[in-house]
Structure formats: structure tokens, C-alpha cells
Amino acid sequence: MSGRSARLRGAAHLARRLVGSLVARRPDDAELATVDALLGPAEAIAWRRLSRADRRHSLVVLGRLLADRPGAPREARRAALLHDVGKSLVRIGVVGRVLATLLGPRTDRWALYREHERLGAALCAAMGTDPATLALVSGGGDPEWRGALRRADDV
């Protein structure tokens, strides 16, 4: 893939995420029950601290993962819900997120936002998240499930 097509793909992904952020609906009772069944109490609290758009996004990622791989193990399903939990530690609006992604770490807050994966992994470790889920949240773990999660997140 050329640099130009990669940039266009990235811009399209950001545009979809921006629109999705603006129209995200709250999780319904069935979705919340799924979250509570998969996550421990501390993890569920951390998940609920995500913005409405980030909670919706994590549920969409979980849905895509299960549509593609119905037999996904518990740790992959948990990682789908927790993969962006570090964003709850960096409070910037939707426009700030887009700018931080497009323009890079120009401010301390934008730099911190770009580290949300590392922050989320540290938060999960502090909450006692199991090692297999923690590895996936950290961007590592089983290559098969790491790839499946990335595909579910990047659609």
C-alpha cells in the first residue's frame, strides 16, 4: 500500500470515528449485561468511565470480532471491551482527538492521548486484569487474536 493510500485510508477511518462519536447511542441493558458478564467489577467501572462514544466503539469492536470469529476466547472478548480504556484517563474532546491523531503530539495532552494503549495497559494491570487479556490490551499476546482484534478495530 502506498503512503498516499494509507493516509487516505487513515483519514476515512477518522471520519467514520468522528461521525460515530457524534451519534453514538448509549449501551442498552443487554449490552451492559454482556459487559458485566465479561469484565470484573473494577474493569466494568473503568469501562463505564469511557465516553459514550468509546463505550459504543468497544461494543462495536466486540460485535465485529464475534461476527468474524464466533469462537473467540474470553480474553479476546475482554480485550475488545478494554482496548481503549486508557482514553478515559485523557479527557480531550472529539475534535482534539482527531487533531492529536492527524497532527501528532503537539501538546502534552495530545501526546498523552496518543499513549492511550500504554495507559490502558497500566490501568488494566493495576486492576488485576488476567495476563492473556492484558497482553492483548497492550498490543501483544497471541498473534492470531491480536490480529483479529486489530481487524475488528480498524474497519
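The values are calculated or read from the model by the stated rules, or taken from the named source; none is laboratory data. All values derive from a computational prediction rather than experimental measurement. Ideal geometry is used to build each Cβ from the backbone, glycine not excepted, and the neighbour counts take in all protein chains shown. The area values use the complete protein model at the heavy-atom level, side chains included, leaving out ligands, DNA and RNA. Shrake-Rupley method; radii C 1.70, N 1.55, O 1.52, S 1.80 Å.
Quick one: is ARG25 open to solvent by 60 Å² or more (accessible area, probe 1.4 Å) and either modelled with pLDDT under 95 or closer than 28 Å to ASP142 by Cβ (or both)? The answer is yes for ARG25.
Residues in the stretch 34-92 that are acidic (Asp, Glu) and more than 15 Å from the chain's Cα centre (by Cα): ASP36, ASP68.
Tell me, which residue of the stretch 130-148 that is over 15 Å from the mean Cα position of the chain (by Cα) and among the charged types (D, E, K, R) is nearest to VAL85 (Cα to Cα)? Explain how you work it out, then say what you get.
Keep residues of the stretch 130-148 that are over 15 Å from the mean Cα position of the chain (by Cα), which gives 130-132, 141-144.
Restricting the remaining residues to those that are among the charged types (D, E, K, R) gives 130, 142, 144.
Values: ASP130: 15, ASP142: 20, GLU144: 22 Å.
Per the criteria, the residue is ASP130.
Taking the stretch 100-155 as the range and being open to solvent by less than 40 Å² (accessible area, probe 1.4 Å), assigned to a helix (DSSP H, G or I) and of a type in the set (S, T, N, Q) as the test, only THR133 passes.
What do you reckon, is ALA79 open to solvent by less than 50 Å² (accessible area, probe 1.4 Å), under 25 Å from LEU32 (Cα atoms) and in contact with a Ser or Thr (Cβ under 6 Å, 6 or more places away or on another chain)? Judged against the criteria, ALA79 is a match. Against the list (1) crowded, with 22+ Cβ neighbours inside 10 Å; (2) assigned to a helix (DSSP H, G or I), the condition GLY96 fails is (1).
Scanning the stretch 31-52 for residues being open to solvent by less than 20 Å² (accessible area, probe 1.4 Å) and touching a residue at least 40 places away in the same chain (Cβ under 8 Å) gives a total of 5.
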